[in-house]
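Working notes, structure below.
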Amino acid sequence: MLKDNLGLTLCILIALASIGFALFSGDPYYVQVVIWVFTNAVLAVTLRFVLLIGELNIATAAFFGIGAYTTAVASTIMDWTFFASLLAAPVIAGIISALFGWITLRTKGPYFLLISFAFTEIVRLFYTKTEALGGNSGMIGMFPPMALNDYFPAIAVTILAAILFGLYAAERSNLGRVFKAIQNNEDIPRSVGLNVIGLKILCFVIASATVGLAGGVHAYTNSVIAPADFTYFVAVLALAYVKIGGEGHIAGPIIGATILTLAGQFLHSFGPYENIFYGAIIIGALLLVPGGIVGLGARFKTGKFMGRAER
Amino acid sequence: MELQVQLLMNTLQIGSVYVLFALGLTLIFGVMKIVNFAHGTFFTAAALIVSSVMIWGVDTAGIPIWFSYLIAFVLALLVVCVIGFVVYFFGFQHVLKDLNGSFILSIGLLLLLNGTYLLLYGGVPRSIPAVVPGNVTFLGASLTIQRLLLMIVAAIITIGLYLLVHRTKLGLSLRAVAEDQEAAMLQGIPYRRVALYGFLIGATLAACAGALMATVTPVTTVIGDDFLVKAFIIIIIGGLGSVLGAILGGLLIALIESFGGYYFDPSTATLAMFVLVIVLLIVRPQGILGHAER
């Protein structure tokens, strides 16, 4: 327990240091990188949150986009205030995900995977064909109010870090345990009278609303959003973060997102080799280090360093 | 009337390629219980090889056009089989029946292979010369002979696969493994070998589709990706793992695309497909012909 608290304390310290860095660092590029790391960590953690009930949710990318577009519309077309437009993102993402989940979570495994994939691509198609949303070129002009401009990076990092801690708390709560029970064998929670479909939808809505909020933050961070930012590839990268960091613990996706986002900053100069490199890293991590970095640590601790870990 | 016949012809022509593509995907799912997101790369590889070999054969070596297409076709199937064997041997056989693991592996392969194609081939689309020139008129609708041949070849391959799955011993073991892998192993069916055969047949089907498609459309390094989303919709509609379902689903999706694309516009047609999927999921989550557990 003490050891766990130590880890949590460390995480809180890192989060506070990041907020401080965003507040006082003069270099906008590095501040931007810090926000990217946190955004990607949220994407990976929300993807893993739905993995708790055993479903691979490509629509993470779609709800990230829905959040970003909601905030953009609220801010530039409807002239809502900064915080109201940010708050609209998780609300709309949550409502749409509740509807989508109500229909699709009756299916499992490959069906859910494919339908969430198709949903992501079709939502993206919808943006490109809707003139009011800027079509292919997307939307521009989401700026935080002048008074908040200097503090915006710190606000963004604070929101994103709060999401991470919130999802950690949710996973550790009784609700999180029920989600894991559904993953192990959903007939058992059902046999004690739990509404399994309702709980699955709840898990899905929590993940989608939070990733929608991250999307809203993304809209303000970037000031420009386009349909091409929200392809299924966003979820694929998030999955790569989860796999490389390890899905056994919530720290895994965060570590994975940090490493790969920082590595990605160097890889941008690689041009066509970038995708090859990502592909090789994903395949290598899957086949050689099945438990990810967190899994490696756990194996090291238990002395079972040799041999394949459980996937 | 002419218009409807023309649209129906389009449907059959697009549909025949969709069917081949989706058949491979559904076969691989049935046998290995994995969703192969890298399936489009087999399609792309075949199309790229056909266009490269034909452009070389016709322009440089002066080989007759139909003969160089034949060489290109066979070569494309061989190369794709080799690629398929390599990715199965080093990758997929370690993630059999592991949905998440295989998804990640196939995404990794998708990035790796598409990146490699782009390096080797470049980003410029290339068209190949017409293998068989000329047009036929059918009930007032005009159709190039090339497209007619494409439909016929695709239909023959589809019938061949149907016979293979339903009339041969290999087909029987493929179906047995898809039904219940452990029971099949208890009957003495070598699961891993059957899985390899299923995977190679699936890859070859994608290669056939790619090699056929290269004759009627410009070839790029991402040509296979466009088919992936639609193929997924097709196999959800038809039922994962169902051969007949993939055929019906492929034709249905082509029908919506062809008619919806003409009377409304292509993106409305795509949205209509999605609505269809949603409605189907509410009514029958396992697909028209699927029998997966709910």
Review point. In debye to the nearest 20, how big a dipole does the protein assembly as shown give about its Cα centre with +1 on each Lys and Arg Cβ and -1 on each Asp and Glu Cβ?
Key: 1540
Check your understanding: Normalised by the number of residues in segment B:15-224, what is the relative contact order in percent for Cα pairs under 8 Å and 6+ residues apart?
Key -> 44
Review point. Sorted by packing (mean other beta-carbon atoms within 10 Å per residue), highest first, where do B:170-176, B:214-220 land?
Key: B:214-220, B:170-176
Practice item. List the equivalent ellipsoid semi-axes of segment B:15-224 in whole Å, largest first, each obtained as the square root of 5λ for an eigenvalue λ of the Cα gyration tensor. Key: 32, 21, 14
Check your understanding: What residue among B:G57, B:N114, B:F199 has its Cα farthest toward the positive end of the dipole of chain B, where the charges are +1 on Lys, Arg and -1 on Asp, Glu, each on the Cβ?
Key -> B:F199
Point to revise | Share of Cα-Cα pairs in segment B:107-249 lying beyond 20 Å, as whole percent | key: 61
Review point. Sorted by accessible area with a 1.4 angstrom probe, largest first, how do A:R48, B:R284 fall?
Key: B:R284, A:R48
Check your understanding: So between A:L13 and A:F266, what do we pick up on full extension, going 0.36 nm a residue minus the alpha carbon distance?
Key -> 88.4 nm
**Study point:** Carbon and sulfur %, accessible surface of segment B:15-224 computed with the full protein complex present, 1.4 Å
**Key:** 71
Exercise for review: Would you mind getting the accessible area per residue of chain A, heavy atoms of the protein chains only, 1.4 Å probe, in Å²?
Suggested key: 44
Check your understanding: What accessible surface, in Å², does a 1.4 Å probe find on B:E2, ignoring ligands, DNA and RNA and rounding to the nearest 10?
Key -> 110
Practice item. Please give, to one decimal in nm, the separation of the simple spin-label points placed at B:L244 and B:A61, each 7 Å out from Cα toward the Cβ. Key: 4.4
**Study point:** Normalised contact order of segment A:157-271, rounded percent, pairs of Cα under 8 Å and 6 or more residues apart
**Key:** 12
**Study point:** Of A:K200/B:K230; A:K129/A:K180; A:K108/A:K243; A:K200/B:K97; A:K129/B:K33; A:K129/A:K243, pairs whose Cα-Cα distance is over 32 Å
**Key:** A:K129/A:K180; A:K129/B:K33; A:K129/A:K243
Review point. Can you tell which of A:S173, A:T120, A:T158 lies farthest toward the positive end of the dipole of segment A:115-184, using +1 and -1 charges on the Cβ of basic and acidic side chains (Lys, Arg; Asp, Glu)?
Key: A:S173
Point to revise | Two-site label geometry, A:Y151 and A:F24: point separation in nm, points 7 Å out along Cα→Cβ | key: 1.7
Review point. Any idea of A:S25's accessible area? Nearest 10 Å², probe 1.4 Å.
Key: 40
Check your understanding: Looking at A:A17, A:N195, A:T261, which one has the Cα that reaches farthest to the positive end of the dipole of chain A (charges on Cβ: Lys, Arg +1; Asp, Glu -1)?
Key -> A:N195
Check your understanding: Can you list, bin by bin at 10 Å, the percent of alpha carbon pairs in the protein assembly as shown, starting at 0?
Key -> 3, 16, 26, 26, 17, 8, 3, 0, 0
Practice item. Determine the total buried accessible area between chain B and chain A, counting protein heavy atoms only with a 1.4 Å probe; round to the nearest 100 Å². Key: 3700
Revision key, fill the gap. Of A:T9, B:T116, ordered by accessible area with the largest first and a 1.4 Å probe, the sequence is A:T9, B:T116
Practice item. Determine the dipole magnitude for segment A:62-191: charges of +1 sit on the beta-carbon of Lys and Arg, -1 on that of Asp and Glu, nothing else is charged, the reference point is the Cα centre, and the result goes in debye to the nearest 20. Key: 460
Practice item. Rounding to the nearest 20 debye, state how big the charge dipole of segment A:2-302 is about its Cα centre with +1 on each Lys and Arg Cβ and -1 on each Asp and Glu Cβ. Key: 860
Point to revise | Per-pair calculated FRET efficiency, R0 = 25 Å: B:V216 and B:T137 via Cβ, rounded to 0.05 | key: 0.85
Practice item. Please state, as a whole number in µm²/s, the translational diffusion coefficient that the Stokes-Einstein equation yields for chain A at 4 °C and 1.567 mPa s, with Rh defined as the Kirkwood radius across alpha carbon pairs. Key: 65
Point to revise | Surface accessible to a 1.4 Å probe, per residue, for the residues of segment B:96-159, Å² | key: 46
Review point. Per the 1.4 Å probe, what fraction of the accessible area of segment A:23-159, in percent, lies on carbon and sulfur atoms?
Key: 70
Check your understanding: Given a 1.4 Å probe and the protein chains all in place, what does the accessible area of B:D265 round to, in Å² to the nearest 10?
Key -> 60
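The values are calculated or read from the model by the stated rules, or taken from the named source; none is laboratory data. This is a predicted model, so every value here is computed, not measured. In this analysis, Cβ positions are derived from the backbone assuming ideal geometry, glycine residues included, and neighbour counts consider all displayed protein chains. Ligands, DNA and RNA are excluded from the accessible area calculation, which covers all protein heavy atoms including side chains. Shrake-Rupley method; radii C 1.70, N 1.55, O 1.52, S 1.80 Å.
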